[in-house]
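First the structure, in the form of structure tokens, and then the observations on it.
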């Protein structure tokens, strides 16, 4: 039999191939599941590793199911269409205002409902609006890039804004509030930068004005949320956000909060639909909503962590651990920029989920091998967050959200060439990572903020 080191690399590369190419319709969950299933009998990971993997991601998995269920329920109600139409009306015929309003909407939805949900829900709505406004192709791209790239950028300030944030927080034991304190300043700056950078790329294609009356044609019976549903939805979202903080202060996993909120809103929707006067064919029940949850992602989370754990036999974890420790010796803000860029390059090449897992295990190893202090560990933990949140949209395969964004547009008959994507995505990614790393360096080295490790 081949050595474990060789087998672990072969399994990892094969899993990445299945993830990226998805031959014969293999989805992400099945791809990672195949890799995990091969890892166990071939001995690159153990049953104990599998138990540890589940313990590392169960909260993120529960939160993911809750976030997607909540998002789909709101989408079926018409909440997001109401928000998109409201944005189009508020712009009052100004193409520039519409661009910035769409970008802000994408950021808000991403922060509250995670980047994957934001991309899946907003992309079709924005496409519907720009097609109704009869814009030229490059003009459409301005708004679609605002919806896609800025939604991916905004998944920073809350641990619930991206499942990889939850996995990181659970792995190292820091709280919702601690994450928010470190990443909110980063998020504010990078969201603003992303809006400006994308605007500069498309400024000549954004129309100066459009006919606001065209937006009215998108409002049809049953397409926009009922007033009672809208009120309860807003109340539920506020309560969920408050409970995030309460849960964090009391050591309660955030997955319970968002999952509970999703179950409540789903129940409320079913109740209101059963007492509405809509035609039966217009009503979409629990089965319809649950079918739209990406259940394969749950298998993907556990599977990819197992596959990555197998890389310890090949020395990959120790390699990154040594590299991370070396970056901390660099002067000034390079000590946060270089590890962020290292994660960015790796995530862009292999996708941010595998790199997140590899980064977590490597930072843990670096803390042991190199006796990192709290400042060094904090720098690496959040450099890993920055690189895996902002860096992956350098290249399309780096981010699941961007892959879903491109696939959503392709299904709608709109293809974006790789060169056109790279013109924007690569520049935006580097600008964002640079700015984020500088802010992180200021927080740790000038303000002396660090995580408290037990």
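Hey, does segment 380-394 have a residue that's at pLDDT 95 or above, under 24 Å from residue 450 (Cβ atoms), more than 22 Å from the chain's Cα centre (by Cα) and buried (at least 19 other Cβ atoms within 10 Å of the Cβ)? Within segment 380-394 (the criterion being at pLDDT 95 or above, under 24 Å from residue 450 (Cβ atoms), more than 22 Å from the chain's Cα centre (by Cα) and buried (at least 19 other Cβ atoms within 10 Å of the Cβ)), the answer is no, since none of the residues qualifies. Which residues, counting only those in segment 183-212, are within 20 Å of the chain's Cα centre (by Cα) and farther than 24 Å from residue 400 by Cα? Matches in segment 183-212: 185 only. Candidates 240, 304, 258: the one that is modelled with pLDDT of 80 or more, more than 30 Å from residue 10 (Cβ to Cβ), assigned to a helix (DSSP H, G or I) and within 18 Å of the chain's Cα centre (by Cα) is 258.
Kindly establish whether residue 399 is more than 20 Å from residue 126 (Cβ to Cβ) and touching a residue at least 40 places away in the same chain (Cβ under 8 Å). When the stated conditions are applied, residue 399 does not pass them. If you go through segment 82-108 and keep only what is at pLDDT below 90, surrounded by 23 or more Cβ atoms within 10 Å (Cβ to Cβ) and under 21 Å from the mean Cα position of the chain (by Cα), you end up with just 84. Just so you know, in segment 19-32 the residues that are within 21 Å of the chain's Cα centre (by Cα) and in a helix (DSSP H, G or I) include one that is surrounded by the most Cβ atoms within 10 Å (Cβ to Cβ), and it is 32.
Hey, any hits in segment 328-335 for a residue that's part of a helix (DSSP H, G or I) and more than 21 Å from the chain's Cα centre (by Cα)?
If we filter segment 328-335 for residues that are part of a helix (DSSP H, G or I), which is where we start, we get 334-335.
Among the residues that remain, those that are also more than 21 Å from the chain's Cα centre (by Cα) are: 334-335.
Yes - at least one qualifying residue is present in segment 328-335.
Of all residues in segment 162-174, exactly one satisfies the criterion of being assigned to a loop (DSSP other than H, G, I, E, B) and either closer than 27 Å to residue 199 by Cβ or in contact with a helix residue (DSSP H, G or I) (Cβ under 7 Å, 6 or more places away or on another chain) (or both), namely 162. None of 129, 150, 177, 159 is surrounded by fewer than 20 Cβ atoms within 10 Å (Cβ to Cβ), touching a residue at least 24 places away in the same chain (Cβ under 8 Å) and touching a helix residue (DSSP H, G or I) at 6+ places or on another chain (Cβ under 6 Å) except 177.
The values are calculated or read from the model by the stated rules, or taken from the named source; none is laboratory data. Keep in mind that what you see is a predicted model, and the values were worked out from it rather than measured. Cβ: placed from backbone, ideal geometry, glycine included. Neighbour counts: every protein chain shown.
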